[in-house]
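First comes the structure, then the notes that go with it.
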Amino acid sequence: MSATRYTYLGPEGTFTEAALRTLPEAATRELVPMVSVPAALDAVRNGEAAAALVPIENSVEGGVTATLDELATGEPLMIYREVLLPIAFALLVRPGTELTDVKTVTGHPVAQPQVRNWLAANLPDALWESAASNADGARLVQEGRYDAAFAGEFAAATYGLEPLVTEIHDAENAETRFVLVGRPARPAAPTGADKTSVVIWLDDDHPGALLEFLQEFAVRGVNLMLIQSRPTGAGIGNYCFCVDAEGHITDRRVGEALMGLKRIAPKVRFLGSYPRAGVAPEDVRPLRAGTTDAEFMGAADWLSRIQDGRS
């Protein structure tokens, strides 16, 4: 395995690359762009890279399905950290292009909902076609296949383009969450501001099936930060659920919730416990009464004493 190589959703000039370069260790790694999320993750699986950075959630559109599906169904991998990146698009064009010249535009499918209103107001007749990534859209503009691409302004120089319009975003404070993914290993030590990600499969489709696994979190005071259903491919009505929960697997409330899930769900895949981006321990909401590690341990000791006749 190449311990110095990180892959990412390419080509050069993507928001994913920009997010990766915010990590301190990126300065000492070989950063290799890949054509797709599966390709970036497969490089980790087959030992060509130590880790991959891929987008997993957008504040406008929600989960990035290519990443969620790959983490849920492919050979197991684990999330080690997350990165949040503010997202604003620029309309990149070949030099000399005016707004009235733009008849075709391109960008990643996730970008379209974030610029839809701007497009309707400024280029209502422009034809949109999706690209593999925003940077790939810029490359296609460079090659003359489209008139303009929505991408990061930083991609303009890489592809010899000019930002015709900048700071385009329909939603203020839009951001994308990226995750650094590696091969499964022991999770990093808890920081006090952590997140745990899992994928859960339902045993069968019956009334209250989803409620049953949600209760495993609720009764232990574990807050859920994301829950998204994804089809399993086994037919209509067959779903798994990608879940982000507040806390670390070593927290008693989280560990016991996962044990509860394992008892009632046919399959639970642990995707990692890792620090929450941009959140300090003092910013985390206090736990409700009865859900601290000390209280869980006290209850376990109480039960043990009863079982030993020491009550």
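Report the residue, chosen from Arg94, Arg288, Arg183, that carries the largest GNM mean-square fluctuation when the chain is represented by alpha-carbon nodes joined by springs under 10 Å.
Answer for the Gaussian network model of the chain: Arg288.
Ignoring ligands, DNA and RNA, what percent of the accessible area of region 1-81 is carbon or sulfur (1.4 Å)?
52 percent
Enter the mean projected area of the convex hull around the alpha-carbon atoms of region 144-294, in nm², rounded to one decimal.
Numbers: hull surface 56.4 nm².
Computed as one quarter of the Cα hull surface, the answer is 14.1 nm².
I need the GluC sites (Glu not before Pro) found in region 1-99, filtered to DSSP loop residues with at most 10 other beta carbons within 10 Å of theirs.
Working: sites: Glu12, Glu17, Glu25, Glu30, Glu48, Glu57, Glu61, Glu70, Glu82, Glu98; in loops: Glu12, Glu48, Glu61, Glu98.
Taking region 1-99 and a limit of 10 other Cβ atoms within 10 Å, the loop GluC sites (Glu not before Pro) found are Glu98.
Over region 163-226, consider all pairs of different Cα atoms and compute the Kirkwood hydrodynamic radius from their mean reciprocal separation; express it in Å, one decimal.
Values: mean 1/r = 0.0605 Å⁻¹.
Across region 163-226, the inverse of the average 1/r is 16.5 Å.
Extent of the chain along each principal axis, from alpha carbon coordinates, in Å, largest to smallest?
Per principal axis, max minus min of the Cα coordinates gives 86, 46, 39 Å.
How large are Rg and Dmax for region 36-81 when only the alpha carbon atoms are used, in Å?
10.6, 34
Given a Förster distance of 30 Å, report the FRET efficiency between Asn223 and Glu12 from their Cβ-Cβ distance, rounded to the nearest 0.05.
Values: r = 38 Å, r/R0 = 1.27.
E(calc), rounded to 0.05, equals 0.20.
Can you tell me the relative contact order of region 1-102? Whole percent, Cα pairs under 8 Å, sequence separation 6 or more.
Working: 121 pairs, mean separation 28.1, N = 102.
Once normalised by length, the contact order is 28 percent.
In Å, what Kirkwood hydrodynamic radius results for region 223-311 from the alpha-carbon pair distances? List each step's numbers first, then the result.
Details: mean 1/r = 0.0632 Å⁻¹.
With all distinct Cα pairs of region 223-311 included, I get 15.8 Å.
Using the heavy atoms of the protein chains alone and a 1.4 angstrom probe, what is the accessible area of region 242-311 per residue in square angstrom?
On the way: 4000 Å² over 70 residues.
I get 57 Å² per residue for region 242-311.
Would you kindly calculate the mean projected area, averaged across all directions, of the convex hull enclosing the Cα atoms of region 1-119, in square nanometres? Numbers along the way, then the final one.
Working: hull surface 34.4 nm².
Mean projected area of the Cα convex hull: 8.6 nm².
Specify, per residue and in Å³, the volume enclosed by the convex hull of the alpha carbon atoms belonging to region 262-309.
Values: hull volume 7.0 nm³, N = 48.
About 145 Å³ per residue, rounded to a whole number.
How far apart, in nanometres, would the label points at Ala120 and Trp302 be if each is projected 7 angstrom from Cα along the Cα-to-Cβ direction?
My value for the distance between the label points is 5.6 nm.
Hey, with R₀ at 45 Å, roughly what FRET efficiency would Ala209 and Ala189 work out to, going by the Cβ-Cβ distance, to 0.05? Show your work: numbers first, answer last.
Details: r = 35 Å, r/R0 = 0.77.
The computed FRET efficiency comes out at 0.85.
Between Thr292 and Asn173, what is 0.36 nm times their sequence separation minus the Cα-Cα distance? Round to one decimal in nm. Can you show the working numbers first?
On the way: separation 119, 0.36 × 119 = 42.84 nm, distance 3.35 nm.
Between Thr292 and Asn173, full extension yields an extra 39.5 nm.
Where does each of 296-306, 195-205 land if you order them by average Cβ count within 10 Å, highest first?
Result, highest mean Cβ count within 10 Å first: 195-205, 296-306.
Quick one: compute the contact order of the chain, relative version, from alpha carbon pairs under 8 angstrom and 6+ residues apart, as a percent.
Working: 633 pairs, mean separation 61.8, N = 311.
Once normalised by length, the contact order is 20 percent.
Take the Cα radius of gyration of region 75-205 and divide it by 2.2 N^0.38 Å, with N its residue count; two decimals is plenty.
Details: Rg = 18.8 Å, N = 131, 2.2 N^0.38 = 14.0 Å.
Normalised by 2.2 N^0.38 Å, the Cα Rg of region 75-205 equals 1.34.
Mind checking the per residue accessible area of region 23-175 for me, 1.4 Å probe, whole number of Å²? Spell out each step's value before the answer.
Details: 6620 Å² over 153 residues.
Dividing the accessible area of region 23-175 by its residue count gives 43 Å².
Can you work out the FRET efficiency for the pair Met259 and Ser59, with r the C-beta to C-beta distance and R0 = 45 Å, to the nearest 0.05?
Numbers: r = 32 Å, r/R0 = 0.71.
E between Met259 and Ser59, to the nearest 0.05, is 0.90.
The values are calculated or read from the model by the stated rules, or taken from the named source; none is laboratory data. What you see is a predicted model, and the numbers here were worked out from it, not measured in a lab. Ideal geometry is used to build each Cβ from the backbone, glycine not excepted, and the neighbour counts take in all protein chains shown. Only protein heavy atoms, including side chains, enter the accessible area calculation; ligands, DNA and RNA are left aside. Shrake-Rupley method; radii C 1.70, N 1.55, O 1.52, S 1.80 Å.
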